[in-house]
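A short write-up of the structure that comes next.
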Amino acid sequence: MRVIVFRLIQVLLSPLAVIGSSIWGLSLIREARRTGSSATVLASCYPRWILHHLRQRWDAPCVRMMKVLPTPIRLGLRYGTMPTIVAHAVTGYVPKPYRYPYQGQPPMIHQPVARTTFHDRALARHLPEVAQLVVLGAGFDTRSYRLPPGAVVQCFEIDTPGTQRVKREALAKAGVEAGHVTFVPANFEEEDWFDNLLEAGFDPGRPAYFLWESVTMYLDRKAVERTLRRISAPGSVVAFDYFTTVILRGNDPYSAYARWAADRIKEPFRFGIDQEEVPGFLESCGLRVEEQRSFNQDPVMAGFVTATVERR
């Protein structure tokens, strides 16, 4: 009965979701053009906002930042997620795509929460073993601002100057403490991000955790290889997600729409690697696969990886 009531409320409020999602998408594109930031910079905030309001995953820093963004973005997010949040408030039901931590083999339409689960678990597993946390292509990721009590780790965030400017303004307006985070402006394809990281105080001899979420698909293969080869301190770990060549070349509705949407915001997909090629690719970069997961079955469309630098 709960599920029926939940779905009925969603259907009744669906016009709000359509309007909100449209406002959200158009506002992100306009804001990216105005500020010089990435149009995908807030992509991770959408599922994390809704997970927070469904009481699945606490993320107060994300919620506070979203509340100080330009009005159209806030309205788009609020109306776009309202049907699900209201339906949950009435029934207490949480649909599978929003159950955290995500369980089982995720189809592509469940990838936001599944990806968040993978990265959260991998970071929690390795955080006690490293001295430095580096968030590559950080966007509006908030993991540096919600570390567990007692965590002793030096935090760095790397992203383009435009994106970092927007985020730092949002952090300040929202009153989110960011004094423990070192912001390193860099472009993965146009400069050596690692040199910038060293100048900012990163110690290449100490183990570090590199979190690289929802970035590789927008870079070319050489940029991905260069980035991975820079991770060389024994005991260091990199966690990233990727698309397979199915997304880059497939004719199925999901792949075709994903490419169209990426092209529309002028941030096309450029890198893809098939699941069976990942171990060899990482070995060529001096890394060893620790864990590998996949999205979808037959065909596999995307995956997660954690890889380590062997201790000598």
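The values are calculated or read from the model by the stated rules, or taken from the named source; none is laboratory data. Predicted model, so just to flag it, every value in this text is computed and none were measured. Cβ: placed from backbone, ideal geometry, glycine included. Neighbour counts: every protein chain shown.
All of (1) buried (at least 18 other Cβ atoms within 10 Å of the Cβ); (2) out of contact with any Ser or Thr (no Cβ under 9 Å at 6 or more places or on another chain); (3) more than 22 Å from Val134 (Cα to Cα) hold for Phe183 with one exception: (3).
Count of the stretch 82-101 residues, restricted to those that are in contact with a Phe, Trp or Tyr (Cβ under 8 Å, 6 or more places away or on another chain) and in a loop (DSSP other than H, G, I, E, B), is 2. Exactly one residue out of Ala172, Ala151 is assigned to a loop (DSSP other than H, G, I, E, B), of a type in the set (A, V, I, L, M) and surrounded by fewer than 19 Cβ atoms within 10 Å (Cβ to Cβ): that is Ala151.
Evaluated against (1) in contact with an Asp or Glu (Cβ under 9 Å, 6 or more places away or on another chain); (2) more than 28 Å from Gln292 (Cβ to Cβ), Ala172 falls short on exactly one condition, (1). Checking each residue in the stretch 111-129 for being under 15 Å from Ala43 (Cα atoms) and without any contact (Cβ under 8 Å) to a residue 60 or more places away in the chain picks out no residue at all.
Quick one: which of Arg78, Arg7, Arg55, Arg64 is surrounded by fewer than 21 Cβ atoms within 10 Å (Cβ to Cβ), within 23 Å of Ala261 (Cα to Cα) and among the charged types (D, E, K, R)?
After ruling out the rest, the residue left standing is Arg78.
Within the stretch 202-216, the set of residues being surrounded by fewer than 22 Cβ atoms within 10 Å (Cβ to Cβ) and either free of Cβ contacts under 8 Å to residues at least 12 places away in the same chain or of a type outside the set (S, T, N, Q) (or both) comprises Phe202, Asp203, Pro204, Gly205, Arg206, Pro207. For the stretch 205-219, which residues satisfy the criterion of being of a type in the set (Gly, Ala, Ser) and either touching a helix residue (DSSP H, G or I) at 6+ places or on another chain (Cβ under 8 Å) or not in a loop (DSSP other than H, G, I, E, B) (or both)? Ala208, Ser214, listed by residue number. Residue selection: Lys222 satisfies the criterion of being charged (D, E, K, R), surrounded by fewer than 14 Cβ atoms within 10 Å (Cβ to Cβ) and either modelled with pLDDT under 95 or not in a helix (DSSP H, G or I) (or both).
Consider the stretch 236-252 and keep the residues that are within 18 Å of Pro112 (Cβ to Cβ) and of a type outside the set (Val, Ile, Thr). The one that is surrounded by the fewest Cβ atoms within 10 Å (Cβ to Cβ) is Asp241.
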